[in-house]
1. Just to confirm the number: angle between the C-alpha axis of helix 51-61 and the first principal axis of the chain, 0 to 90 degrees, nearest 10?
2. Give the order of ARG105, ARG96 when sorted by the count of other beta carbons within 10 angstrom, beginning with the fewest.
3. DSSP beta bridges in the chain, what fraction antiparallel, as a percent rounded to 5?
4. Got the relative contact order for segment 4-107 handy, in percent, Cα pairs under 8 Å and 6 or more residues apart?
5. Tally Lys/Arg at +1 and Asp/Glu at -1 over every other residue whose Cβ is under 13 Å from the Cβ of ALA60; what's the total?
6. Provide the net charge surrounding ASP31, with neighbours chosen by a C-beta distance below 11 Å and charges set as Lys +1, Arg +1, Asp -1, Glu -1.
7. Subtracting the Cα-Cα distance from 0.36 nm times the residue separation, let me have the gained length for GLU36 to GLN81 in nm, one decimal.
8. Please give me the summed charge of the neighbours of LEU5: other residues whose Cβ is under 12 Å from its Cβ, Lys and Arg +1, Asp and Glu -1.
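Derivation of every value follows stated rules applied to the coordinates shown; laboratory data play no part. Because the structure is a prediction, the values reported are computed rather than measured. Counting neighbours? That spans all protein chains shown, and the Cβs are built from the backbone with ideal geometry, glycine included.
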Amino acid sequence: MVRLLVTAEGPTLDDLVEEDFGHARFLIVVDPETMEFEAHENIKKQTDMGHGIMTAENVAKLKPDVVLTGYAGEHGRMKMQDLGIRLIMDEEGTVRDAVNGYIRRHLKK
């Protein structure tokens with residue numbers, strides 16, 4: 001089964017998907033079969049790296065197959081590509097909405 005990660009404004013399935021990948025406050029790993037989830041704070045340290053790169057590195061530690069987010073800038077997108085993690089943008093609504101949309105589009109074929 002696919003391991004999903006959704007960038008979010010808060011730590012629950014009913015919080016909104018973060019519009020900006022690099023500025024996500026939470027990274028929520030969701031099992032799309034059971035809707036069980038784990039919320040992780042997206043901690044970004046003060047370094048010369050941009051927020052998108054730091055967020056991508058935090059995402060990689062959680063080992064998702066697919067990331068759902070609102071928008072990711074060039075550096076975040078390139079880092080995710082380098083890490084071999086599929087990034088799907090233009091997600092809106094709650095984390096639950098994004099996961100259910102992914103299920104409809106990709107898993108029920």
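1. Taking Cα atoms only, the helix is inclined about 60 degrees.
2. Ascending number of Cβ neighbours within 10 Å: ARG105, ARG96.
3. In the chain, approximately 65 percent of DSSP beta bridges are antiparallel ones.
4. 32
5. Here the count lands on +2.
6. Result for the local shell: -2.
7. Full-extension gain reported as 13.6 nm.
8. Its environment carries a net charge of -1.
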